[in-house]
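Presented below is the structure to which this report refers.
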């Protein structure tokens, strides 16, 4: 009888043992290498098999960050296919979503992630002085994250949007649709409701800063209150009309 099946079985058991005992801190190095240091795992506990920690999102200079509690557990059945599949949840949520880790990419499916509006300032530093408020909900149908731009689509909703510098609250509800083809990530912004009407288009590719151009429209009854706020980040084109350009 050939001994190769036994050797393969032994190697498989050995690999399984490594995964089951490898410290969760290894995930941090992997995440940071894939995201140019913008995403990391701190306070990691457990192993690659199952564990918890704080998923940390930071700005480009790594001076400011926000963190979310995260928990994960592996799906053992996929190991037979040479793949790493996890069930992942944030903030002790009962609803988990699948994450698959391959050699060159990470795949997320049917994910929903809630974040504070401060996360927008981490992505676009120009927004930081506005001290944004409200809640962000990121819904991912399917997204592949590799070293290039993501591939897939997602929707980011900003509910009860506000700013510490604005007497008008809330400013409105907004939706950003994201579509990636693996080389470029494109974004389109629309207003769902509210006195401040926002619209625009943007794009991002690996190695470059995100670019966004859009417009802001303020109704006459709110122009005196909102115009000073918008002048901090936009160019006034006329009464209540502003041009936005974020890079």
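Readers should treat all values here as calculations from the given coordinates under stated rules, not as data from a laboratory. Note that this is a predicted model, so its numbers are computed, not measured. Here Cβ is always computed from backbone atoms with ideal geometry, including for glycine, and neighbour counts include all displayed protein chains.
Brief remarks follow.
- Cα centroids of segment 31-79 and segment 93-150: 12 Å apart.
- Among (i) 0.93; (ii) 1.03; (iii) 1.07, the entry that matches Rg/Rh (Cα atoms, Kirkwood Rh) as calculated here: (iii)
- Altogether, the Stokes-Einstein calculation at 25 °C and 0.890 mPa s, with the Kirkwood radius of segment 82-168 over Cα pairs as Rh, returns a diffusion coefficient of 166 µm²/s.
- Where a label projected 7 Å from the Cα of residue 110 along Cα→Cβ would reach, residues of segment 73-104 with amide N under 18 Å: 73-78, 85-90, 93-101
- In percent, rounded to a whole number, the relative contact order of segment 22-101 is 19, using alpha-carbon pairs under 8 Å and six or more apart.
- Cα→Cβ-extended label distance, 7 Å offset, between residue 126 and residue 225, nm: 2.6
- Extension gain from residue 26 to residue 50, taking 0.36 nm per residue of separation minus the Cα-Cα distance: 7.4 nm
- P(r) tail, segment 98-140: Cα-Cα pairs separated by more than 16 Å, 52% of all pairs.
- Relative contact order for segment 130-247: 18 percent, from Cα pairs under 8 Å spaced at least 6 residues apart, divided by residue count.
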